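These notes are about the structure you will find just below.
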Amino acid sequence: MILAGGPVVDKVQIFILSIDSVSEANMDYKMSMFFRQTWNDSRLMYTAIDDKGYIEMDTRHLSSLWIPDLYIRNEKVANFHHVTVPNSLIYIYPDGTVYLSRRITGTFSCFMKLHTYPLDEQICRLEVESYGHSADFLYVKWHDIPVKRVEGLVSPQFEIGEVTSYTCDEVYNDILYSCVGFNIKLSRNYGYYLIQVYIPTSLIVMLSWVSFWLNIDAVPARISLGLLTVLTMTTMSSSARSELPRVSYIKAIDVWMAICLLFVFAALIQFAHVNVLARVERRRRETIVEFKKTDENGSKNGEFNTKERAGPSAEAREKARTADRVARVAFPLTFLVFNLAYWPAYVMWDNK
């Protein structure tokens with residue numbers, strides 16, 4: 001169907017019903033919407049016989065109409081709803097204008113920049129284009145109000161921000177095809193990550209500092225505490241990254257987990273250093289056992305002669321205690337400085 005007056009103009013409007021989920025691993029999002037189209041087909045003009053101003057057509061006659069062949073460019077999987085009947089409506093106006101609305105739920109690709117994950121903001125898009133008709137035949141444009149959404153639209157993972165529309169006309173084989181699209185801003189709610197990741201890992205780091213307050217001779221306790229915190233941090237780090245794509249750049253959560261693991265590992269190394277200093281004192285308590293065998297001609301009879309080296313080294317123990325006292329201040333202060341740098345840097349990071 002080619003009209004003498006130029007291409008058919010198809011006005012598109014999207015009404016967002018819900019944004020159900022956003023997957024970082026697959027880099028996509030799932031959305032339900034009303035997909036609305038308005039165009040004019042002069043072959044459908046008629047004389048109005050009542051004050052209603054339009055005809056409501058049964059959806060069973062949908063296949064009898066010419067419908068613009070639009071498709072969603074970044075769609076992965078989508079379907080029309082048919083419960084309990086096909087969720088479509090068709091209005092035809094006396095001047096031949098056709099209004100078509102259908103309910104669609106689909107999964108759409110969304111390229112994400114995860115440098116600041118989980119303190120990030122994402123821009124997800126949806127683009128609609130004619131599949132088989134060039135812009136000379138079918139011109140797609142936005143409705144005066146391109147995108148609408150239900151009042152109070154929320155997502156469990158994100159705060160849904162502003163929506164901006166644009167045109168995305170594309171040239172294939174030197175032929176122009178008409179396209180429209182919109183961007184929707186998604187700001188991640190990181191309260192979940194504070195409760196499940198940041199606070200627990202911070203407490204584990206602080207738990208590793210308990211060893212600085214234990215006696216330098218409490219070797220089993222300090223070793224157990226150090227290994228426990230290192231293994232726990234390693235497990236939590238793997239769990240936090242399990243649902244993320246294997247991207248080549250460093251994410252905010254990678255930095256946090258790496259630094260926390262470094263702190264608990266450093267606490268274990270600090271104990272090794274203190275233990276080395278303390279062992280100097282213990283060596284001086286070692287006894288030397290000499291076995292001297294004698295004969296009957298006036299030499300000493302066989303005996304054990306025990307003599308002890310010089311007494312405990314107070315200096316070595318004091319060095320070990322000083323190392324612990326320094327660690328009690330240095331570790332918390334360094335962790336505080338890290339937090340003062342980490343949070344402002346990533347919260348104010350601009351993905352652009």
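The values are calculated or read from the model by the stated rules, or taken from the named source; none is laboratory data. None of these values were measured; they are calculated from a predicted model. Ideal geometry is used to build each Cβ from the backbone, glycine not excepted, and the neighbour counts take in all protein chains shown. When the accessible area is computed, the model is the full protein with side chains, heavy atoms only, and any ligands, DNA or RNA have been set aside. Shrake-Rupley method; radii C 1.70, N 1.55, O 1.52, S 1.80 Å.
Values computed for the structure shown
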read-out	value
Cut-off 18 Å (backbone N to label point 7 Å along Cα→Cβ of GLU151), residues of segment 31-69	none
Taking only Cα atoms of the chain, radius of gyration then Dmax in Å	36.5, 145
GNM top mover of ILE216, ILE19, ILE123 - the chain, alpha-carbon springs below 10 Å	ILE216
Using alpha-carbon coordinates, inclination of helix 252-283 to the longest axis of the chain, degrees	0 degrees
Student exercise, the chain dipole from Lys, Arg, Asp, Glu Cβ charges, in Debye to nearest 20	2060 debye
Using θ = phi - 60° and Karplus 6.51 cos²θ - 1.76 cosθ + 1.60, couplings along segment 78-86 (whole Hz; Gly, Pro as x)	8, 8, 7, 8, 10, 10, 8, 10, x
Filtered trypsin sites (Lys or Arg not before Pro), segment 159-263: DSSP coil and at most 12 other beta carbons within 10 Å	ARG246
Solvent-accessible area, 1.4 Å probe, carbon plus sulfur percent, for segment 1-94	55 percent
Accessible area per residue in Å² at 1.4 Å probe, computed on segment 1-150	51 Å²
Long-range HN-HN contacts of ALA135 with modeled amide H, under 5 Å	LEU176, TYR177, SER178
Integer Hz, Karplus 6.51/-1.76/1.60 couplings in order for segment 179-187, x for Gly and Pro	8, 10, x, 9, 10, 10, 8, 10, 9
Loop trypsin sites (Lys or Arg not before Pro), segment 1-97, which have at most 15 other Cβ atoms in a 10 Å radius of their Cβ (DSSP)	LYS52
Per-residue [θ]222 nm for the chain (sum of -39500 (n - 2.57) over DSSP H runs n ≥ 4, rounded to 500)	-10000 deg cm²/dmol
Spin-label pair ASP136/PHE265, simplified geometry with 7 Å Cα→Cβ offset, distance in nm	6.5 nm
Fluctuation leader among HIS61, HIS133, HIS143 - the chain, Gaussian network, Cα springs under 10 angstrom	HIS61
Highest-MSF residue in the chain out of ARG125, ARG103, ARG279 [GNM, Cα springs under 10 Å]	ARG279
